[in-house]
Amino acid sequence: AAIKKLKAIQERLGHRATTTPEEGPGTEEAPPPVSDVEAAYYVGLGSWSDKSGFEKYDAKGFVKKKLTTLLAGIPGVKVKPEGEAKTKTDQVLKKEKLTGYTLTGSIGEVALGGGNSASASISIVVLDKEGNVQMMLKGKGSAALEGSKKGAKDNEKDLVLSALNTAVQGAVEPFSDHLQKNLKSVSQNSDKGKGKDKGKKGKKKKKKGT
């Protein structure tokens, strides 16, 4: 039997991931690295709509699970448990002095194409703790299955989920970059503040010696 390889091409990043049908879409990825960066953000998922046309494959559940995995791999991010009460979230934000975000969104229509291919798109709205819109993200992904004697209909689950997999990656990357830039900026400002404090202490010591 011919070896089937599923090539998911992330249009936004020009990124290519490969999996076999036995593995299933996305399972070739290593788990996100555990970050030693102190948490600065508390990020959770809000309401999501599914217009993919493939509810039978739990497209929404797949996307939310993928999002949670990617968020957990972003340095400085602590993932909020799904379904956590607002009062609990507010307590965590206040106690740990974190910046809160909620990601709501929708899954667009997933289209099966000729030659064992599929395309997908998702939209994400990033809200702050007051519910104000901070960012709007979009991701597009496509997948093609080579070496299969079966048609797109027979391979649709692998194609659909693999296209969604890369669409999610494309949407999350700008959000990750945004958080990292803010984290770096805060760190630099903190270091400058410490430097000024040391300078003031040094001046006070000199006065005592005169």
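Worth a mention:
- Sequence-distant residues sharing a close amide H with residue 99 (under 5 Å, placed H): 41, 42
- In the frame of its principal axes, the range 49-129 has Cα extents of 54, 24, 18 Å, reported largest first.
- Across the cross-link table entries 95/184; 51/140; 51/86; 64/184; 66/94, which are compared at the Cα atoms, the separations over 25 Å belong to 51/86; 64/184; 66/94.
- Looking at the range 97-173, the accessible area is 43 square angstrom per residue; that uses a 1.4 Å probe and ignores ligands, DNA and RNA.
- Charge tally for residue 61 (other residues, Cβ to Cβ under 14 Å; Lys, Arg +1; Asp, Glu -1): +2.
- For residue 127, the shell of other residues with beta-carbons less than 13 Å away shows a net charge of +1, using +1 for Lys and Arg and -1 for Asp and Glu.
The values are calculated or read from the model by the stated rules, or taken from the named source; none is laboratory data. Only a predicted model underlies this, so the values are computations on that prediction, with no experimental measurement involved. Neighbour counts are summed over all protein chains in view; Cβ atoms, including those assigned to glycine, are modelled from backbone coordinates with ideal geometry. Accessible surface is based on the protein model in full, side chains and every heavy atom, while ligands, DNA and RNA are left aside. Shrake-Rupley method; radii C 1.70, N 1.55, O 1.52, S 1.80 Å.
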